[in-house]
Amino acid sequence: MGRLAPSPTGWLHVGHARTFWAAHARARTAGGRLLLRHDDLDQDRCRPEFIAAAEEDLRWLGLDWDGPPFVQTARRSRYRAALERLYAAGLLFPCVRTRRDVLEASSAPHEGGPDDEPVYPPAFRPPEDAAAPPLGERISVNWRFRVPDGRELRFVDGVAGPQTAVAGRDFGDFLVWRKDDTPSYQLACAVDDAELGVTEVVRGEDLLRSTLRQQLLLEALGATAPRYRHLPLVRDAQGARLAKRHDALALRTLRARGADPAALRAGFAAELGEHRE
Ligand code: GLU
């Protein structure tokens, strides 16, 4: 089972289209199923009209999926149940530090990639044997996952090859639930991939570091991690990664200009042919 997981924060552009085309081609070539999941947890950035637009644009591109789409906001109770399991296992701690606190106190340099964040300073952690306060019905503090310091994590990515990282050195304690009472992307994604039966994740290489975090969560939840294929990002003429503000490359714009979806797909196949099988 593969998946398409757009975030409804803007129009889909050719970068998303290429990744989704690859995920679709992988699933269909293998005779597998494919689900569509809208990652709509970020209430400040997500807008409902982008959900409908993503589906329309994907269909225009010639992609299909199996069953009704999932929306993460409708699956909140699943994420809360996972949070409670992680909490009961003693793997979480509440964190009152701000982003700025973490940035200023973090000694380790960080690469500044989009899914990268400074390593959480160990001095900010409560002692391991300190009892965590109750989660409470409504959450108003950030909760973080305590990573196993010094543990070497490895996986072989189907496209990017062997990956290794050391927990606590390359990435630190990360958010699982936000103080505005919403689950983090890492938690929601891990829970969905496990519970919806996803066996292969195809996505952009900007999420490689997130994969290690998600694998730790999956392990703590007793779930098997899917296989991963992280694709190189599409860049614009200046070499910058595409963002949703690159309207010129939005599928809507291409469509309005009379672009041919078959030609677009053929272009992706030519570019990514070697990643398909
Ligand atoms: N919705 C995420 C994004 O658009 C992708 C999540 C994923 O593939 O895990 O960046």
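From the list Phe50, Phe70, the lone residue that is in contact with a strand residue (DSSP E or B) (Cβ under 7 Å, 6 or more places away or on another chain) and either closer than 29 Å to Pro232 by Cβ or within 14 Å of the ligand (Cβ to nearest atom) (or both) is Phe70.
Quick check, is Thr211 in contact with a His (Cβ under 9 Å, 6 or more places away or on another chain) and among the β-branched types (Val, Ile, Thr)? Considered against the rule, which asks whether it is in contact with a His (Cβ under 9 Å, 6 or more places away or on another chain) and among the β-branched types (Val, Ile, Thr), Thr211 comes out as yes. Screening the candidates Thr98, Thr19, Thr29 for the property of being within 14 Å of the ligand (Cβ to nearest atom) and either open to solvent by 10 Å² or more (accessible area, probe 1.4 Å) or of a type in the set (Lys, Arg) (or both) yields one hit, Thr19. Filter the stretch 178-208 down to the residues that are within 12 Å of the ligand (Cβ to nearest atom) and basic (Lys, Arg) and list them by number. Arg203, the sole residue that qualifies.
The values are calculated or read from the model by the stated rules, or taken from the named source; none is laboratory data. This structure is a prediction, so every number in the text was calculated from the model and none was measured. Glycine also receives a Cβ, built like all others from the backbone with ideal geometry; neighbour counts cover every protein chain displayed. SASA here: full protein model, heavy atoms, side chains in, ligands and nucleic acids out. Shrake-Rupley method; radii C 1.70, N 1.55, O 1.52, S 1.80 Å.
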